[in-house]
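To start, the structure itself, in structure tokens.
The values are calculated or read from the model by the stated rules, or taken from the named source; none is laboratory data. Since this is a predicted model, take the numbers as computed values, not measurements. Cβ placement follows ideal geometry from the backbone for every residue including glycine, while neighbour counts extend to all protein chains displayed. These area figures cover heavy atoms from the full protein model, side chains too; ligands, DNA and RNA do not enter into them. Shrake-Rupley method; radii C 1.70, N 1.55, O 1.52, S 1.80 Å.
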Amino acid sequence: MAITQGRTAERDLPYDVFSRDCPSRGILEHVTGRWGALTLGALCEGSFRFNQLRRRVDGVSEKMLSQTLHALERDGLVHREAQPTNPPRVDYELTPLGREVAERLAGLIEFLEGSMDQVLAARERYDARRPSA
């Protein structure tokens, strides 16, 4: 997709995320939602068990992490490996497609973390111009 180069009507891609009915909207939501982005970012570091991942993605509830992992697995971005041990052991890791998505997302995360001083300064300027409630 060539968003940075401007979108044209003559594209070779069969999907258009800007179209209301395009299925790519669902995966975009899964990838860019708070828990999806953080989960993919964490899994970029390697394989995790559920509770390890939950600790790494600070603040996510068990229910939200479970729902996020199910969605990412369904989209083909995460692989779930259940091992028949007692107690059961389940590991999560990125698929090749998931790794590609996570690496692109990692670039955005790094950029945002490196730009936080500018963001915080912009917020202060904005808040200073707004009347107090």
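May I ask you to verify whether Gly46 is modelled with pLDDT of 90 or more, part of a loop (DSSP other than H, G, I, E, B) and within 16 Å of Leu69 (Cα to Cα)? So that I can check it myself, show each step before the final result.
Working: modelled with pLDDT of 90 or more: yes; part of a loop (DSSP other than H, G, I, E, B): yes; within 16 Å of Leu69 (Cα to Cα): yes.
Yes; evaluated as a whole, the condition is true for this residue.
Could you list, in sequence order, the residues of segment 14-48 that are in contact with a Phe, Trp or Tyr (Cβ under 6 Å, 6 or more places away or on another chain) and within 17 Å of Leu105 (Cα to Cα)?
First pass over segment 14-48, keeping only residues in contact with a Phe, Trp or Tyr (Cβ under 6 Å, 6 or more places away or on another chain): 22, 24, 48.
Of everything in segment 14-48, just one residue is in contact with a Phe, Trp or Tyr (Cβ under 6 Å, 6 or more places away or on another chain) and within 17 Å of Leu105 (Cα to Cα), namely Ser24.
Scanning segment 33-43 for residues that are surrounded by 13 or more Cβ atoms within 10 Å (Cβ to Cβ) and either modelled with pLDDT under 95 or of a type outside the set (Ser, Thr, Tyr) (or both) returns Gly33, Trp35, Gly36, Ala37, Leu38, Leu40, Gly41, Ala42, Leu43.
Among residues belonging to segment 49-58 that are in a helix (DSSP H, G or I) and without any contact (Cβ under 8 Å) to a residue 40 or more places away in the chain, point out the one that is nearest to Pro96 (Cα to Cα). If you could, list the steps in order and put the result at the bottom.
From segment 49-58, those in a helix (DSSP H, G or I) are 50-56; that's our starting set.
Okay, now just the ones that are also without any contact (Cβ under 8 Å) to a residue 40 or more places away in the chain, so 51-56.
Numbers: Asn51: 23, Gln52: 21, Leu53: 19, Arg54: 22, Arg55: 24, Arg56: 21 Å.
Among those residues, the one meeting the criterion is Leu53.
Counted as qualifying within segment 59-133 are the helices (runs of 4 or more DSSP H) with 3 or more residues that are charged (D, E, K, R) and either out of contact with any Lys or Arg (no Cβ under 9 Å at 6 or more places or on another chain) or closer than 13 Å to Gly41 by Cα (or both), namely 96-114, 116-129. Among the residues of segment 76-129, those that are closer than 15 Å to Arg49 by Cβ and either hydrophobic (A, V, I, L, M, F, W, C) or open to solvent by less than 40 Å² (accessible area, probe 1.4 Å) (or both) comprise Val78, Ala82, Val90, Asp91, Tyr92, Leu94. For Ala82, state whether it is under 20 Å from Leu65 (Cα atoms) and either of a type in the set (Asp, Glu) or over 19 Å from the mean Cα position of the chain (by Cα) (or both). Yes. The number of residues in segment 86-133 that are among the hydrophobic types (A, V, I, L, M, F, W, C), under 23 Å from Ser24 (Cα atoms) and out of contact with any helix residue (DSSP H, G or I) (no Cβ under 7 Å at 6 or more places or on another chain) comes to 2.
Could you give me the residue pairs with C-beta distances under 9 Å whose first residue belongs to segment 100-117 and is free of Cβ contacts under 8 Å to residues at least 12 places away in the same chain, whose second residue is exposed (fewer than 12 other Cβ atoms within 10 Å of the Cβ) and assigned to a helix (DSSP H, G or I) wherever it lies, and which are 6+ apart or on separate chains? Hits for this filter: Leu112/Val119.
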